[in-house]
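Input: a single structure, listed below in structure tokens.
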Amino acid sequence: MSEAHDPGFVRRYIFSTDHKIIGIQYILTGLVMGLVGGLLAVLIRIQLGWPTAQWELLETLMPRGYPSGFMAPEFYISVVTMHGTIMVFFFISYVLVSGFGNYLVPLQVGAKDMAYPLLNMLSYWFALLSAVVMMASFLVEGGAAAAGWTAYPPLSAIASAVPGSGLGQSIWLVSMAIFIASFTMSGLNVVATIFTMRAPGMTMMRLPLTIWSYFIAAILGLLAFPPLTAAAVLLLFDRHLGTSFFLPSGLVVAGQPLSFQGGSPLLWQHLFWFLGHPEVYVLILPALGIVGDVVPAFTRKPVFGYRLNVYSLIAVGVLSMVVWGHHMFVSGMSPFTGEYFTLATMLITIPMTVYGVNLVASLFGGRMRLATPMLFSLAAVALFGSGGFGGLFLGNATADMQLHDTYFVVGHFHFMIGGVTLMGTFAALYFWFPKMFGRSMHEGFGKLHFWGTFAPFFMVFFGQHFLGLQGMPRRYYAFNTYEYLEGTAGQNTMLSVIVMVLVAAQFVFMVNFLWSLFKGQPAEANPWAATTLEWTVASPPPHGNFGDTLPAVHRWAYEYSPESTGEDFAPQTAGPNDAPITA
Amino acid sequence: MSETRDTRLPFSLEPVLVGLLFGSIGLFGVIYGIGEWAPELASRHGAGIDTMMTYLMVTTGAMFLTGHLAMALFIWQGSRRTRISHRLASPRFEKRLSIALGVLMAVVAEGGVVAIGLPVWNEYFMAEAPPDAVTVEVVGQQFFWSVRYPGADGEFGATDIQLMDDVVNPIGLDRSDPVAVDDIVWLNEIYVPVNRPVRVVLRSKDMIHSFFLPHLRVKQDVIPGMVPEVVFVPTREGTFELACAELCGLGHYRMQGFFHVVSDAEFTSQLERLASEQ
Ligand code: HEM
Ligand SMILES: [Cu+2]
Ligand SMILES: [Cu+2]
């Protein structure tokens with residue numbers, strides 16, 4: 001690699017094609033979006049905790065959303081919609097999937113960069129564009145989209161249905177199309193890089209679980225996302241060109257008969273969930289892969305059942321493509337279809353259980369160090385198990401009849417794509433921060449952040465499962481007119497109070513992150529004594545990662561406490577003479 | 001390698017706290033869960049749904065508790081070691097564990113579905129309304145439910161979009177149709193007799209709504225363009241709330257109705273009252 005000329009600040013840090021810079025750009029963008037999504041969550045919880053209160057401060061800040069200090073119901077559902085959209089597509093997708101994916105894939109497979117660096121840069125700029133477009137929808141007439149992150153028509157198709165279905169919903173659809181374009185580009189890059197750019201000796205079965213999880217997630221994204229692009233375009237046609245892909249005849253909205261004919265709202269649901277279900281695995285698999293690699297570093301022993309974990313990831317990937325209908329059990333689709341989707345969904349619990357139990361088994365017999373990345377990994381494991389148990393209820397069509405579209409679902413997916421991914425993201429941030437920025441984060445504040453995050457998070461969303469069991473429907477602005485839900489008012493207030501603790505703890509993280517960027521302890525190349533390739537180079541790694549020669553890989557990524565040596569670990573580059581090769 | 005004394009670290013508080021955190025999640029989670037249940041049951045098929053949920057509560061509750069206690073234990077033990085006690089399990093053991101887990105989940109998850117869940121599901125969806133069933137049509141729109149009984153002839157009269165008027169005729173009933181003359185149309189209040197099958201014919205005028213009766217374990221989305229029907233038997237007299245369970249606009253949360261389950265005599269007299277007010 002010739003580093004003869006300095007490309008200059010702009011080419012190096014802004015329009016960079018270096019996967020590490022792009023990864024960090026994604027992560028920072030995603031963290032900012034996560035902050036926005038978190039503040040929206042606070043607005044939601046304020047409303048649910050104190051549904052009749054008047055907020056003068058909020059009125060001053062957002063006069064349209066809080067006329068005379070009371071939250072407007074249309075604003076509430078816009079906020080719910082945007083919270084979900086931002087958290088799923090712009091926070092977790094960017095930080096965990098695209099951000100760490102970009103950063104880690106070339107480093108851990110032993111490549112100098114992604115297969116297509118220019119495409120990689122393009123995918124980031126598309127991603128940023130889609131986030132900016134989405135945020136712009138808050139400012140337009142009628143406000144942001146309000147049909148839920150699932151955007152079911154007719155609500156999302158007809159401007160007079162709800163204020164957010166004006167320009168806001170069109171912007172939402174355009175932003176999603178840009179997002180998918182971006183995600184497709186980065187997915188292609190990940191697949192190509194893992195397939196073709198592995199360092200000599202890095203066989204598929206020596207890849208760290210992290211890489212396996214990104215690999216499968218990228219393939220899922222490539223297969224599952226395009227149908228939603230098509231659906232988004234068709235919905236835009238329905239909205240603006242008078243077509244009727246998703247709209248049947250006989251609609252009368254706000255007293256006005258409409259002239260649509262022959263379409264079906266159910267078609268949207270199929271297309272959406274054909275993306276939506278794999279999408280949840282796109283988000284969670286990287287978290288599970290990362291946890292599978294962080295845990296061994298803090299127990300100093302190999303992950304339990306590596307091969308079976310890989311097979312489980314593959315099986316989950318395959319099965320996740322054929323279970324989307326479990327989101328539609330009570331939609332009115334054929335009950336036979338419901339039976340199929342129930343049986344298929346229950347199958348997916350088998351590989352998930354194998355993976356989850358293997359993670360717990362990886363803790364057994366180890367020498368454990370409870371550093372911050374490990375604490376968050378443990379949290380992710382617990383949430384993964386608990387969320388899976390909720391999945392057993394929801395994937396079972398019979399139980400889902402009662403639980404569908406209640407807070408049980410809200411609790412379930414917050415454990416899963418909210419919790420496992422959030423805890424996995426924090427584990428990754430604390431673990432790789434020293435590698436990314438050459439400085440360490442503060443452990444004490446990290447632990448404070450852990451205690452302030454995991455315990456409240458668990459209480460809030462565990463509690464929501466039982467609110468759902470009591471029949472509390474989701475996406476409700478208030479519950480105070482329902483007699484059967486009178487008992488939930490106190491619980492809702494309490495959950496809102498706990499959420500405030502949770503949010504406060506995130507400020508500890510923000511301060512720690514920013515402070516450590518500039519003032520943190522300088523980090524060595526391998527502060528955690530871990531085995532994968534990125535730890536064999538300097539922190540932060542130089543442009544091109546490995547210098548002139550690619551690393552030679554001699555072993556798998558789990559050579560902790562290798563047999564018959566006094567060593568604590570052997571990096572993947574250590575030769576056969578350094579330690580016996582396990583795999 | 002077995003644990004010997006010199007491979008242990010001196011006592012330290014943090015692992016104890018972290019272990020306690022995970023252990024108490026398991027313990028208090030189960031204790032909390034035992035005290036919670038769905039609204040008091042009021043339908044026949046709902047008993048099957050409750051059995052399904054009870055089965056799931058017990059099985060997942062047991063796994064939830066075991067899993068968290070195991071984590072707590074491993075955290076305590078592991079944090080006191082200075083050397084690992086186990087490195088690799090044999091491939092055979094790993095494979096056997098996975099197979100055992102697969103079988104366990106196949107029995108717990110698939111088995112529960114096949115043995116308890118799907119029979120209930122089938123019975124519910126395959127139910128033909130018997131001749132003595134009470135038929136009622138419920139039409140959702142932003143943000144209320146129109147309720148219609150067919151009257152003495154047992155048939156619903158024609159409706160027409162052109163006649164729809166949210167104030168006086170929300171479903172656009174065509175009173176010039178002879179079949180429509182005795183139709184009874186009302187808002188948000190549904191009367192049905194106890195212990196007799198009810199057939200609810202659902203329609204929507206605008207958005208997707210969802211007909212949710214928490215006490216009766218009934219939930220059915222109403223997608224415009226489709227006319228789903230549900231058949232079920234209320235088993236308890238009382239007034240049960242109807243809630244909309246699919247986001248349908250800014251008033252979704254107040255799309256409330258009342259499902260009155262009454263005696264046969266009361267049912268007849270209520271319908272007479274409603275008919276006289278048409
Ligand atoms: C054990 C495996 C799982 C099963 C059996 C399962 C089952 C289900 C079912 C049946 C639903 C639909 C519930 C309803 O709307 O009535 C659902 C919702 C959801 N699940 Fe899972 N799930 C599992 C794992 C996951 C994972 C791993 C994730 C995320 C990474 C996830 C994220 C979600 C999300 C986001 C929703 C809500 C979608 C919405 O907004 O309606 N689930 N799950
Ligand atoms: Cu799903
Ligand atoms: Cu509704």
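Quick rundown of the values:
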quantity	calculated
Identity of the residue in segment A:66-99, among the aliphatic types (A, V, I, L, M) and closer than 17 Å to A:Ser165 by Cα, that ends up nearest to ligand 3 (Cβ to nearest atom)	A:Ile77
Any hit, segment A:264-274, residues being more than 16 Å from ligand 3 (Cβ to nearest atom), touching a His at 6+ places or on another chain (Cβ under 6 Å) and outside any loop (DSSP other than H, G, I, E, B)	yes
The lone exception for A:Leu258 - which of (1) more than 10 Å from chain B (Cβ to nearest Cβ); (2) more than 16 Å from ligand 2 (Cβ to nearest atom); (3) open to solvent by 10 Å² or more (accessible area, probe 1.4 Å) it fails	(1)
Scan of segment B:164-183 for residues that are assigned to a loop (DSSP other than H, G, I, E, B), loosely packed, with under 13 Cβ neighbours inside 10 Å and modelled with pLDDT under 90, ordered by number	B:Val167, B:Val168
Single match in A:His414, A:His465, A:His449 (criterion: closer than 26 Å to A:Gly289 by Cβ and within 16 Å of ligand 1 (Cβ to nearest atom))	A:His414
Single residue of A:Ala428, A:Ala455 found to be free of Cβ contacts under 8 Å to residues at least 12 places away in the same chain, assigned to a helix (DSSP H, G or I) and not charged (D, E, K, R)	A:Ala455
Evaluation of A:Leu209 against (1) more than 22 Å from B:Glu246 (Cα to Cα); (2) surrounded by 20 or more Cβ atoms within 10 Å (Cβ to Cβ); (3) over 20 Å from the mean Cα position of the chain (by Cα) (one fails), failing number	(3)
The lone exception for A:Val80 - which of (1) of a type outside the set (Phe, Trp, Tyr); (2) in contact (Cβ under 8 Å) with a residue 40 or more places away in the chain; (3) open to solvent by less than 20 Å² (accessible area, probe 1.4 Å) it fails	(3)
Set A:Pro335, A:Pro296: member being of a type outside the set (D, E, K, R), away from ligand 2 (no atom under 15 Å from the Cβ), free of Cβ contacts under 8 Å to residues at least 24 places away in the same chain and touching a helix residue (DSSP H, G or I) at 6+ places or on another chain (Cβ under 8 Å)	A:Pro335
Flag for A:Ala146 being within 24 Å of the chain's Cα centre (by Cα) and part of a loop (DSSP other than H, G, I, E, B)	yes
Residues (more than 7 Å from chain A (Cβ to nearest Cβ) and surrounded by 18 or more Cβ atoms within 10 Å (Cβ to Cβ)) located in segment B:98-111	B:Val108
Single residue of segment B:214-249 satisfying the filter (in contact (Cβ under 8 Å) with a residue 60 or more places away in the chain and within 15 Å of ligand 3 (Cβ to nearest atom)) that is surrounded by the fewest Cβ atoms within 10 Å (Cβ to Cβ)	B:Leu242
Residues within segment A:308-333 that are within 9 Å of chain B (Cβ to nearest Cβ) and polar (S, T, N, Q), tallied	2
Residue within segment A:322-332 that is more than 10 Å from ligand 1 (Cβ to nearest atom) and under 30 Å from A:Leu375 (Cβ atoms) present	no
Only one of A:Asn545, A:Asn512, A:Asn577 that is surrounded by 14 or more Cβ atoms within 10 Å (Cβ to Cβ) and modelled with pLDDT under 95	A:Asn545
Some residue of segment B:31-54 being over 21 Å from the mean Cα position of the chain (by Cα) and under 30 Å from B:Arg236 (Cβ atoms)	yes
Condition broken by A:Ala523, with the remaining ones in (1) modelled with pLDDT of 90 or more; (2) within 17 Å of A:Gln108 (Cβ to Cβ) satisfied	(2)
Segment B:126-137, residues that are surrounded by fewer than 16 Cβ atoms within 10 Å (Cβ to Cβ) and within 14 Å of another protein chain (Cβ to nearest Cβ)	B:Met126, B:Glu128
Any hit, segment B:180-189, residues being of a type outside the set (A, V, I, L, M), away from ligand 2 (no atom under 16 Å from the Cβ) and at the interface with chain A (Cβ under 9 Å from one of its Cβ atoms)	no
Considering residues of segment A:170-198 that are touching a Pro at 6+ places or on another chain (Cβ under 8 Å) and among the aliphatic types (A, V, I, L, M) only, the residue nearest to A:Leu235 (Cα to Cα)	A:Ile180
Scan of segment B:64-88 for residues that are more than 7 Å from chain A (Cβ to nearest Cβ) and closer than 9 Å to A:Gly365 by Cα, ordered by number	B:Gln77
Qualifying residue in segment A:231-253 (condition: within 14 Å of ligand 1 (Cβ to nearest atom) and in a helix (DSSP H, G or I))	no
Residues that are among the small types (Gly, Ala, Ser) and within 16 Å of ligand 3 (Cβ to nearest atom), drawn from segment B:250-272	B:Gly251, B:Gly257
Which listed residue is surrounded by 21 or more Cβ atoms within 10 Å (Cβ to Cβ) and not in a helix (DSSP H, G or I), from A:Ser312, A:Ser331	A:Ser331
Residue check for A:Tyr26: without any contact (Cβ under 8 Å) to a residue 12 or more places away in the chain, open to solvent by less than 10 Å² (accessible area, probe 1.4 Å) and of a type outside the set (Gly, Ala, Ser)	no
Hey, B:Ile208 under 24 Å from A:Pro265 (Cα atoms), within 14 Å of another protein chain (Cβ to nearest Cβ) and within 16 Å of ligand 1 (Cβ to nearest atom) or not	yes
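Residue by residue, here is whether (1) assigned to a helix (DSSP H, G or I); (2) open to solvent by less than 10 Å² (accessible area, probe 1.4 Å) holds:
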{"residue": "A:Phe461", "(1), (2)": "yes, no"}
{"residue": "A:Leu467", "(1), (2)": "yes, yes"}
{"residue": "A:Gly471", "(1), (2)": "no, yes"}
{"residue": "A:Arg475", "(1), (2)": "no, no"}
{"residue": "A:Asn480", "(1), (2)": "no, no"}
{"residue": "A:Tyr484", "(1), (2)": "yes, no"}
{"residue": "A:Met494", "(1), (2)": "yes, no"}
{"residue": "A:Ile498", "(1), (2)": "yes, no"}
{"residue": "A:Leu502", "(1), (2)": "yes, no"}
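Results for (1) within 16 Å of ligand 2 (Cβ to nearest atom); (2) under 18 Å from the mean Cα position of the chain (by Cα); (3) over 18 Å from A:Val381 (Cβ atoms), shown as yes or no for each residue.
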site: A:Leu403; (1), (2), (3): yes, no, yes
site: A:Tyr407; (1), (2), (3): no, no, yes
site: A:Val410; (1), (2), (3): yes, yes, yes
site: A:His414; (1), (2), (3): yes, yes, no
site: A:Val420; (1), (2), (3): yes, yes, no
site: A:Leu429; (1), (2), (3): no, yes, no
site: A:Gly438; (1), (2), (3): no, no, yes
site: A:Gly452; (1), (2), (3): no, no, yes
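Matching residues to (1) more than 16 Å from ligand 3 (Cβ to nearest atom); (2) polar (S, T, N, Q):
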| residue | (1), (2) |
| --- | --- |
| A:Phe393 | yes, no |
| A:Thr406 | no, yes |
| A:Thr421 | yes, yes |
| A:Gly424 | yes, no |
| A:Leu429 | yes, no |
| A:Met436 | yes, no |
| A:His442 | yes, no |
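The values are calculated or read from the model by the stated rules, or taken from the named source; none is laboratory data. These figures come from a predicted structure and were not determined experimentally. No Cβ is skipped: glycine too gets one built from the backbone with ideal geometry, and neighbour counts run over all protein chains shown. Accessible surface is based on the protein model in full, side chains and every heavy atom, while ligands, DNA and RNA are left aside. Shrake-Rupley method; radii C 1.70, N 1.55, O 1.52, S 1.80 Å.
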